[in-house]
Every structure is written in structure tokens, then in C-alpha cells.
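The values are calculated or read from the model by the stated rules, or taken from the named source; none is laboratory data. The shown structure was predicted, so the numbers you read here are calculated from the model rather than taken from an experiment. Methodologically, a virtual Cβ is constructed for each residue, glycine included, from the backbone with ideal geometry; neighbour enumeration extends over all protein chains shown. The protein model used for the area step is the full one, side chains on, heavy atoms only, and it has no ligands, DNA or RNA in it. Shrake-Rupley method; radii C 1.70, N 1.55, O 1.52, S 1.80 Å.
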Amino acid sequence: MAVVEPSPSLDILVRGPEGLFIWNGPPFPGGEPGVKLDRVPCTSAKFSDDGSKLMVSKSDSVISVFDCKTLREIRSFDVPNLLAAVISPCGTYLQTFQKCSSPQHKNVVLWKIENGESVYQLFQKNITKVTWPSVCFSSDEAVACRLATNEIQFLDPRDFSKGFVNRLRVPGVAALELSKAPGTYVAAFVPESKGMPASVQIYACEKELQSQAVARRSFFRCSTVQLSWNSGSTGLLVVVQSDVDKTNQSYYGESKLNYLTTDGTHEGLVPLRKEGPIHDVQWSYSGKEFAVVYGFMPAMTTIFDKKCNPLLELGTGPYNTIRWNPLGNFICLAGFGNLPGDMAFWDYKEKKQLGTTRAELSVTSEWSPDGRYFMTATTAPRLQVDNGVKVFRHNGSLYFKKMFDRLYQVDWKPESVEKFGEIEDLVKAIGSVKIDEVNVPGKGSKATQAGPKATQAVPKATPANLPAAKPAAYRPPHAKAAAAVQAELFGGSPSGELSKNALKNKKKREKQREKKQAEAASASGGS
């Protein structure tokens, strides 16, 4: 009989002015979390993606690496003039960026944590959010690459002393995104230049398959892009952002959501039912569907399958954030930032709402690795007051709350979702979702605490054959206001629909009219 290994415990990293602490995650036996690792003075901290290592920056020149099982320091690096550092997905390598003194000084260094040796060095004048880290890894660290001028260079993670073993020529490339699990494809972004449109191109990582792009999408009015691969490396979501909105509907520019597949079955826009910006998009753990929050407020939320067909609609509301739990069975919709912090929790399997709550002034939010708890935090320097952390159950009920004078960072320790089970049953359940035709609720429908059912949507047309919308006749502002006032006075609605009282009065008038006509007919017949 096979021995079932117990699920790993949840850990929470909390960092304040005095340093970082590691808490025992929920459930909390006495209502308060226990402390596994007491105060470690530092300026920043980051877990590796697999949760095996913890990188801690203790000053502007000292970086320590902790083993997350024993919580003991296993290696310390002294890097003068340190400006940035990042740890690889499996915790094998540490990458540092130092202040540049001269082009001859190679200021980007890749260190092997096991022995503390430098395995690769290069010169980079500066870094941005797009160009850091300089060396990108797949989730299993089997593939490594870096962005260079007009090309992408591939390295051998088993022997970095070889330098680049392959280079992919992409003229004008400004950003790349390597697929994570597995690292079989790389997406390259080329911005607009000299009247040529911007483009996103997907190439295979194997040298023999790089003769041409497996997928490509071009677009004008593009300032930046956000690239997001699914698990399985079969689909890429591209959020295209423009600084200027030519329709003058938004001060913040306009955004479009594109979808590309590595098998070439789809290269185009995601068919959204409402105009407006793309607020957030996230893939499920299985990589078989993705959720999008979009449109002018109140925003709409729709879940699509990997063929870009709409599966479910979760109605509208004041939301700009979506978080899909690692097991894929619960979804949190939230309105953070400049919104009041409303949150709605949904059961994706049952397609119903579990509850609603509010977490005002939240800066960060994320599900626990086991998918049972949702944590929000208000942190500095974004907000200097009301700093604290809240932990909610999967149905939105508050489980734990703690306030701080000053809080900088709160993170779950990553764990592999397979360690918590249930994922195979979940994938089967997702694969059995059927698309049934039902009436889609209008804009006025709202999720309530009672738990309304989600709406299964049927795609009526593909992007290639979407019918052209008939432009509405122009109505001046005073005419719209007059229609609203008339609706309020006489029981109608600006859209032309009648209220219940108006319908009742209309039926009464019709009956009275029929009665008078019948009386008149009988009187004329009698005479």
C-alpha cells in the first residue's frame, strides 16, 4: 500500500522596517501565526519560484541565500555597488547587476549558489522592467536565453562557459518572454518603427525549428505589450497598450487583447463583448482556459477556453483584478487601486458565487498555494497608513487580520500545486465543461451574497465573421437627460423598456379601450 505524503505546511514571509519574519501559515491553532524564522535584517527578499530557496538582500553589497526547509543560511555573496538581484526558478543560480564603471567591466554576473562560483558574466549599461533579468530561464531551468541587439541568444544551462550556443535573428527586438513550462518557445516583441507596425512573433527554442516564426501578429498604435504564456506553452496572451486613445474615450490610452497559439489555429483579437480597457487577464493552472476583466466600469468578466471560445460570464461589477487559485476551482474578482476594494468569490466548478466582501486600500493580493485562503496586504511605500495583512477563506469570510505601523512586503512561500492533490480531478472537470446556450444577463445584473449562478456563454461568431455593428444615431446630451427624466416621471426607461407599473397601467388602458369598443358595438347593434 502506497504511503500518502502529507501536504506541506503553508508559510508566509512578512517584511517590515526591522527585517523579515517567516510565519506559519493558516490554519492558526491559537488564532495567531507562529514564527518559524525570527527577525532577519534586510532591504528586500524573494522566494525562488519552486519555494526551495529564499534570497535576502541584507545591504547594498551583501546577499544571503536561505534553504527554505531548514531556514538556515547556506551561502552569502559580497557584491559591491549592487543595484539589483534575482534568483532563478529552481534556486540554482543568483543573478546580480552592479553599478557600471566602464564597458570593460562585466557588471551582470550569474552565480551558482551551490558553490558560490561565477559561471557567466556580461556587460549591460542599464536595466529596465523589460530587460531584467538579463538571463531568462524556463521553469525547470532547462532553457536559458538573453536579449541582445537585433537577436536572442540561447545559452547552455549545463555549461555557461560555452557562451551562447545559438542565436535567433529578430531585427528590432525590444523584449522577449520565454515560455515557462516547458521552455519550448520564445515570444519576441518588435515595436513600431519608420511606419512599420509593431509585432509579436513566436519562435521555437530548438535551433533546427527556428527558420520561421510559428505565429505572428502585427498591430498599429502600440506603445507597450504584456506577454503571458499558459502552462503547456501552447497559447500566448498579448495585451497591447497604446498611450493615446484615438476615440477620446479614455485619458489612459487604449488596450486590446490578442491571442496566439503555437499550432497556428488562432492569431487575432479575443472576441470581447464590451468596449473599454483590459484591466486584468490570467491563465488557469491547467492552461486550458483564461479569464479576462475588461470594459468601462462596471467591468465585465469572461472566461474563455484555449480555443478562444467564451465559456462563462461572471457578470459586471467594480472590478479590475482577477485571481485564479492554483487548483483552479475558486476565483476572486476584486477592485483594487483607485477602486474601493470590493471582492467577489466564485466557485468555478459549481459556477456560482460563494460570497462578497471588501478589502480597502489593498496593494497586493494572492491565493495560498493550497487554494484555500486569499491574502491581501496594504504596504508601504505605496500607502503609508493603515498598513496590514488580511487572510480570507475561499468563500470570502475573514479568517485573520493584523495591522502594522509600517509593512513593506507579504508573500506566500511557493509550493508545487501537485503536493496538495485534487488537480487531476480538476483537469477532468474542466475538460468536461459543456457550452450550453442560455440567455446572457444585461448590464444591470449584479452578483449578490446569495450566490447567483454564472452564465455559460455561446460564441455566436468568430473574429473573422463578427457582424459589423450598426452605428447609433447621434443624440445630444440634453436629449439623453430628457429621456432619463421622462422615464423617472412616467415609469419607462431610457432604453425604451417599460417598468412593471408602466406595463400594468398599459394593460389597464388596453382593457378599458376594448370594453368601450365592445359597448359601442353592442349599442349600435341594438339600434
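Details
- Ordering of 169-180, 366-377 by burial proxy (mean other Cβ atoms within 10 Å per residue, highest first): 366-377, 169-180
- All Cα-Cα separations within the range 55-153 were binned at 10 Å from zero, giving a P(r) of 15, 48, 31, 5, 0, each value a whole percent of the pairs.
- For the range 42-96, the calculated P(r), taken from all Cα-Cα distances in 10 Å bins from zero up to the bin holding the longest distance, is 27, 60, 13, 0 percent.
- Excluding same-chain neighbours fewer than eight residues apart, the aspartates and glutamates reachable from K511 by a Cα-Cα span under 19 Å are E519.
- With the simple spin-label model, which puts each label point 7 Å out from Cα in the Cβ direction, the Q517 to A502 separation comes to 2.3 nm.
- Net charge over other residues, Cβ less than 10 angstrom from the Cβ of R75 (K, R count +1; D, E count -1): -1
- Which listed pairs, of K125/K194; K36/K401; K69/K129, have C-alpha distances above 23 Å, in listed order: K125/K194; K69/K129
- Within the range 1-98, the proportion of C-alpha pairs whose separation exceeds 17 Å stands at 55%.
- Proximal charge balance of V239 [Cβ under 10 Å; K/R count +1, D/E count -1]: 0
- Net charge of Cβ neighbours under 15 Å - reference S179; Lys, Arg +1; Asp, Glu -1: -4
- Burial order of peptide ranges 379-386, 404-411 (average beta-carbon count within 10 Å, highest first): 404-411, 379-386
- Accessible carbon and sulfur surface of the range 42-137 relative to its total accessible area, %, 1.4 Å: 50
- In the structure shown, the pairs K46/K349; K58/K99; K274/K352; K307/K413 are assessed against 24 Å; a Cα-Cα span above that value is assigned to K46/K349; K307/K413.
- Extending 7 Å from Cα along the Cβ direction at K401 and again at E117 yields two label points whose distance is 5.5 nm.
- The Rg/Rh ratio of the range 274-417, with Rg taken over Cα atoms and Rh as the Kirkwood radius over Cα pairs, comes to 0.96.
- For the range 329-379, diffusion coefficient by Stokes-Einstein and Kirkwood Rh (Cα), 37 °C, 0.692 mPa s, µm²/s: 288
- Cα point-scatterer Debye curve for the range 80-210, base-10 log of I(q)/I(0) at q = 0.12, 0.19 Å⁻¹: -0.47, -1.14
- Residues of the range 80-95 with amide N under 20 Å of a point placed 7 Å along Cα→Cβ from A142: 88-93
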